[in-house]
Amino acid sequence: MPAPTSVKLDDALKDRVQQLAARRQRSTHWVLREAIEQYVEREEKQEAFRQDALSAWEHYRRTGKHVTAAEADAWLEKLEAGEDAEPPSCHD
């Protein structure tokens, strides 16, 4: 069951939320909940991307395995052209 929480907003932001809710024919509660949900989802995706990048960097530092930008570009060009291309192999 959802638990209530409170958020302190300055008057200007509170008015903007209320106006948006009225224009969208939604409750202020709905607008706030939707905004928070979208923010959290976006930030979770950004954090997952950041963690993937850090993991990839650490893997590279341990192994030295990589693909060059030219190899990656050539693979991406094939994908853009509609070819079912295998990604390039990592090498030292």
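Evaluate the following for Lys8: is it assigned to a loop (DSSP other than H, G, I, E, B), modelled with pLDDT of 95 or more and surrounded by fewer than 12 Cβ atoms within 10 Å (Cβ to Cβ)?
Working: assigned to a loop (DSSP other than H, G, I, E, B): yes; modelled with pLDDT of 95 or more: yes; surrounded by fewer than 12 Cβ atoms within 10 Å (Cβ to Cβ): yes.
Yes; evaluated as a whole, the condition is true for this residue.
Residues in region 17-55 that are polar (S, T, N, Q) and not in a helix (DSSP H, G or I) were compared, and the one that is farthest from Pro2 (Cα to Cα) is Gln25.
Listed by first and then second residue, the pairs linking a residue in region 56-71 that is in a loop (DSSP other than H, G, I, E, B) to a residue that is polar (S, T, N, Q), with Cβ atoms under 8 Å apart and 6 or more places separating them unless they lie on different chains, are Val67/Ser89.
Looking at region 11-60, which of the residues that are touching a helix residue (DSSP H, G or I) at 6+ places or on another chain (Cβ under 7 Å) and among the small types (Gly, Ala, Ser) is surrounded by the most Cβ atoms within 10 Å (Cβ to Cβ)? Filtering region 11-60 for residues that are touching a helix residue (DSSP H, G or I) at 6+ places or on another chain (Cβ under 7 Å) and among the small types (Gly, Ala, Ser), the one surrounded by the most Cβ atoms within 10 Å (Cβ to Cβ) comes out as Ala21.
Please count how many residues of region 74-92 are of a type outside the set (Gly, Ala, Ser) and surrounded by 11 or more Cβ atoms within 10 Å (Cβ to Cβ). Looking only at that region, the number is 8.
The values are calculated or read from the model by the stated rules, or taken from the named source; none is laboratory data. Quick caveat: nothing in here was measured; it's all calculated off a predicted structure. Glycine also receives a Cβ, built like all others from the backbone with ideal geometry; neighbour counts cover every protein chain displayed.
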